[in-house]
1. Sorted by accessible area with a 1.4 angstrom probe, largest first, how do 43, 6 fall?
2. Whenever you get a sec, line up 29, 47 from highest to lowest accessible area (probe 1.4 Å, protein heavy atoms).
3. Output the relative contact order of the chain, whole-number percent, from Cα pairs under 8 angstrom with separation of 6+ residues.
4. Please go through the residue pairs 9/33; 19/41; 10/43 and name each one whose alpha carbons sit more than 24 Å apart in this structure.
5. With every protein chain in place, what's the accessible area of residue 38 (1.4 Å probe, Å², nearest 10)?
6. Hey, any idea what Rg/Rh is for the chain, computing Rh the Kirkwood way over Cα pairs?
Amino acid sequence: MSSQLKSYKKLEEWKKSKKTIVFTNGCFDLIHKGHIEVFKKSKMLGDKLIVLVNSDNSITLSNTTGDDII
């Protein structure tokens, strides 16, 4: 069974059991304290937290400030 199918089945299981599912997303290539705080606060809003990781392309397209540190 593919990991994508396993994830879908797990999500369906949570939904059937009336779990509150919270999503957050971002660029987490360099994890820092701010990211951890977002995860903690997001998790407090529900029973299950799903973290979505933005693609390199989406980061490039959305970064109009040019504030890269590297």
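The values are calculated or read from the model by the stated rules, or taken from the named source; none is laboratory data. What you are looking at is a predicted structure, and each value in this text was computed from that prediction instead of being measured. These area figures cover heavy atoms from the full protein model, side chains too; ligands, DNA and RNA do not enter into them. Shrake-Rupley method; radii C 1.70, N 1.55, O 1.52, S 1.80 Å.
1. From most exposed to least exposed: 6, 43.
2. Correct descending sequence by accessible area is 29, 47.
3. Once divided by the residue count of the chain, the mean separation gives 34 percent.
4. Over 24 Å Cα-Cα: 9/33.
5. 70 Å²
6. Radius of gyration relative to Kirkwood radius: 1.06.
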